[in-house]
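Only one structure is covered here, and it is reproduced in the block below.
The values are calculated or read from the model by the stated rules, or taken from the named source; none is laboratory data. Just so it is clear, the structure is predicted and the values come from calculations on it, not from any experiment. Note that we place each Cβ from the backbone using ideal geometry, even for glycine, and neighbour counts take in every protein chain shown. Heavy atoms of the whole protein, side chains included, go into the accessibility calculation; ligands, DNA and RNA do not. Shrake-Rupley method; radii C 1.70, N 1.55, O 1.52, S 1.80 Å.
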Amino acid sequence: MSILQMVEKLEESSESQMDLCPDLDANLVDYNERMLTLASNQSAAQILADAVAVRLPKWVLRAATGLPTETFNIIRTAKSLTNQLGEKIVREKMDVARQGLAVETDTFDMLLDLGSSERRKNILTFEEVAAQTGILLIGGQDTTSNTLAFGLLELARHPEFQEQLRAQIHASRATVSSAISYDTMPLLNAFVKETLRVYPVGPIQERIATQDMVIPLADEITTTAGERINQITVLDYDSTNRFCRLASRWGKDALEFRPSRWLDGTISQGQAVGPYANLLTFLGGPRVCLGWRFAILEMQVFFAELAGKFAFTLPEEGDPIHMRFSGSLMPVLPTDKKSAPLCVTPI
Ligand code: HEM
């Protein structure tokens, strides 16, 4: 069964509340896809060039983005189209507010703050809000879709867990008469957390310290010089991936995908980090992922809908998929092509 047939089946379902037809211009959808393809096909040289580029003065970067190359043309057009979409949304919001109908329901409403008689100090200008559209579109796509793909792959790799999860989903549908409360489904939430732990979509987050500081370590480590230390003086970058695999925190089998660790006391809580489940997958602090709560809800809904209605198995050829980091962590075939082919059967 293809993904399209799967979506059609979900749309047919009277229980499905998902809006699967976003009102986006075809040209924007096309350029958005080209942007994602650019980001997911970076060669080692391009990744290195990106790392060097962030250290260049801003004016050099601005000048470079004006170069008439195919890559920069895609970036410029996608940015211009998302800005136009943002301006359209902002205009519509302002029209609604003028009619006295504005209600704070989405990110744009909150950023614009049209409901209050006096706009908050330091609030973004209308142009700045419109310009955030591209960030929201890019920030919310590959992150969630790659994580969902890894999750479905793990369901196929763990048929017994898949059965248990499906049984729990069916049981809660049978007992709950109104909307399902996803937060009360232990296996579903353990599965969401384990997927985010094992597959942090941004496995390396570079940070540069703006002043000298000492950072205490939760556990002593041995340096390459053989010295045991419990603090470091400056943190240049932090590896989300390494934190998510610490045996001291997640258990001796931290490298394995095992959702039950979230239910059987394997995990040592330790110092709180990140906004969700003590994971660093969404980072933390002032630059925490703005969409983390929405992303969790998306994952709960998708996994519950999909695992409830379809069975996922590995293709007959076996399990050729592995992880690759290129802008984000993604599932790839041995050819390095981004893909996670699975056999999908309606229940
Ligand atoms: C599994 C899903 C997601 C993961 C793992 C994730 C992870 C992250 C991480 C690690 C960052 C910090 C990047 C950095 O500062 O270098 C970030 C930033 C951000 N994310 Fe997400 N994200 C996810 C989904 C979403 C969604 C669904 C949205 C919006 C609808 C979103 C919007 C943003 C935005 C706007 C930022 C920039 C925040 C800032 O710079 O202050 N993310 N995300």
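Summary of values
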quantity	calculated
Local electrostatic count at Trp250 - Lys and Arg +1, Asp and Glu -1, tallied over other residues with Cβ under 11 Å	+4
Segment Arg324-Ile204, extension gain: residue separation times 0.36 nm, minus the distance between their alpha carbons	42.0 nm
Amide H within-cut-off set for Phe310, under 5 Å, with H built and near neighbours excluded	Ile347
Gain in span if fully extended, Leu101 to His170, counting 0.36 nm per residue against the direct Cα distance	20.9 nm
Accessible area of region 23-139 divided out per residue, in Å², using a probe of 1.4 angstrom	69
Computed over region 142-346: relative contact order in percent, which uses C-alpha pairs under 8 Å that are six or more apart	26
Accessible area in square angstrom per residue, region 142-346, 1.4 angstrom probe	52
Of Thr144, Val60, Met213, farthest towards positive along the dipole that unit charges on Lys, Arg, Asp, Glu beta carbons give the chain	Met213
Cα coordinate range in region 142-346, projected on the principal axes (Å, largest first)	56, 42, 31
Within the accessible area of region 202-347 (1.4 Å probe), percent carbon and sulfur	57
Kirkwood-Stokes translational diffusion coefficient of the chain, alpha-carbon pairs, 10 °C, 1.306 mPa s, µm²/s	69
Dipole magnitude of the chain, debye to nearest 20 (Cβ charges: Lys/Arg +1, Asp/Glu -1, about Cα centre)	760
Size descriptor, Kirkwood hydrodynamic radius, that averages inverse alpha-carbon separations across region 23-139, Å	16.4
Dipole magnitude of region 23-139, debye to nearest 20 (Cβ charges: Lys/Arg +1, Asp/Glu -1, about Cα centre)	540
Inter-label distance, nm, simple model (7 Å from Cα along the C-beta direction), Asn41/Asp264	4.4
Dipole magnitude of region 142-346, debye to nearest 20 (Cβ charges: Lys/Arg +1, Asp/Glu -1, about Cα centre)	300
Computed E for Asn73/Glu127 - FRET, C-beta separation, R0 22 angstrom, nearest 0.05	0.40
Percent RCO, i.e. relative contact order, over the chain, from Cα pairs under 8 Å lying at least 6 residues apart	18
222 nm mean residue ellipticity, helices alone, for the chain (DSSP H n ≥ 4; -39,500 (n - 2.57); rounded to 500)	-14500 deg cm²/dmol
